[in-house]
């Protein structure tokens, strides 16, 4: 038997180049590493794409807008609100003004609240004479001046979320964190710990929770099934944010917590994308954090992602998911803007998580 | 001699049209001139950017000021009729696709909501007005480099009360409405309380801007305003603009202001 024949039955034989580290990572230029294996669906010109998730999802939203495809933003400011002020208020950062949704439990509860299936008692925080939304505490600088405006805005917000659930063709969700603060009595998940920039911390009412993989997975499954029940044709693209934790509440090093958190999110995303046919996992996390990049895609704080990294992710995204024929159609529709469904505005990146360390 | 130079957008027209008659009663010690008027009358606004990237007064105002200054001892008054258009038009008509209400909070915590539809906090709208008027404020400040005796910002003219009259005045322009795909039946005037609320906010923002720019803020005389704060004399050319009769009243008021300020 020759030496070559010893590998004749090896199951790795004949696999594509992307299955081999040397070919597809070690000997490939950083910007050319392309870990996406082709999407199970494509995004066309008539599709409405909505976004939610942590900070990194904002990059996806901006790219969608620039690409000429149908970025779906049903929650827009009223025309009476000055555009400069609307920009400060987070309109267009995501498809609805829910700000960052860091955990899958928060995503699920957001949907449930929008449909009246979960009505927490703690729905507003008073800060002096201002009204703060605990679920998006920084969405309105200084909060709302009146209960009437708070209620009206929430009603509009929920209606927009319902449109996202029911009308989106593609929903892009970026998993961000496993650590969260929850209310002890109702299990409400807050995007930011009460007392960190908004609200007041009370250890009798709030507690720290670090979600386990099963919880993250089950909440995500429940959220996506919730969408599918109301929108059977919807497709979902899951990503994991490559942005490390800014702080951990666990009694351990923030690096250890970051790796735990990202590992859990990555596994949960994998399990959900395997379980639901409607769902793809998109490896933006791998593109930014992989060895090929050698941290070159991070700024000096090893946390903020450089524009080159975002561009790499978005290039892979476009190549694998955008139907080029559809782009032209979408471009025309976006230019017309007649139905008001395709937003022409995306705000500057905002990352509420920064409030933790202020 | 007092030289009064007036400039602004379409709300300057009523002053310009009244000026020929007013000059007879103004006397010889004070002269009024409309330097620029109409939507395109003052391209670039109160100030423009020069080749060095500096904000300088609009050349139209600059040249008019220099010409008025030719004779030693003349006192120059610069009158801005800008920044009042929004006050006279915003929220006048109900947008059935996006109706709105304005919520206010009194010091005792009582909330008031005027209008119906999506509720917007009053302070949010006010902040928007101030943001929009920021460049105007800078323009007013820049005018001071021309060394006028005083700069005066006219307050927004009060708005009309009667919705039927608004619709009637608008119906003068059937072709223009049709060109915009609007039929007379579609026109709904917002409730007077809501329109007044919006005007109040615009007025307040304009006043703040004038104060911060340290220029005079000239409010229409009491006899021109009704008890409800709406336009008190019959002087509407169309739903937003005033007749020369209104312009004449404003010019008289300006003259009085100048005489008083001049001591």
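What follows draws every value from the coordinates through simple rules; no lab data is involved. Values in this document were obtained by computation on a predicted structure and should not be read as measured data. Note that each Cβ is placed from the backbone with ideal geometry, even for glycine, and that neighbours are counted across all protein chains shown.
Taking a cut-off of 33 Å, what percent of all Cα-Cα pairs in chain A are separated by more than that? Cα-Cα pairs of chain A separated by over 33 Å account for 29 percent. Relative to the longest principal axis of the Cα atoms of chain A, helix A:307-321 runs at roughly 70 degrees.
Counted residue by residue at 0.36 nm each, then reduced by the alpha carbon distance between them, the extension gain from residue A:255 to residue A:296 reaches 12.9 nm. With contacts taken as Cα pairs under 8 Å and at least 6 residues apart, region B:1-94 reaches a relative contact order of 41 percent. For a label point 7 angstrom out from the Cα of residue A:212 toward its Cβ, which stretches of region A:162-185 have the backbone nitrogen within less than 19 Å? Only A:177-182 fall inside the zone, counting backbone N under 19 Å.
On the basis of the beta-carbon distance and an R0 of 45 Å, residue A:88 and residue B:71 show a calculated FRET efficiency of 0.35.
I'd like the FRET efficiency for residue B:149 and residue A:66, computed as 1/(1 + (r/R0)^6) with the beta carbon distance as r and R0 of 60 Å, rounded to 0.05.
E(calc), rounded to 0.05, equals 0.70.
Averaging Cα coordinates gives a centre for region A:103-151 and one for region A:1-54; these two points are 43 Å apart. Does anyone have the angle between helix B:122-132 and the longest principal axis of chain B? Alpha-carbon axes, 0 to 90°, nearest 10? Helix B:122-132 sits at roughly 40 degrees to that axis.
Kirkwood analysis of the protein assembly as shown, using all unique Cα-Cα pairs, places the hydrodynamic radius at 28.3 Å. For A:21, B:199, the sequence from fewest to most other C-beta atoms within 10 Å is A:21, B:199. Summary value for chain B: 25 percent relative contact order, contacts being C-alpha pairs under 8 angstrom separated by 6+ residues.
Between region B:100-140 and region A:257-292, the C-alpha centres lie 45 angstrom from each other. When the alpha carbon coordinates of chain B are projected onto the principal axes, the ranges are 58, 39, 37 Å, largest first. Compared with the dominant principal axis of the Cα atoms in chain B, helix B:13-26 is inclined by about 50°.
Placing pseudo-labels 7 Å out from each Cα toward the beta carbon at residue B:63 and residue B:260 gives an inter-label distance of 3.5 nm. A Förster radius of 60 Å combined with the Cβ-Cβ distance from residue B:138 to residue A:13 puts the calculated FRET efficiency at roughly 0.25.
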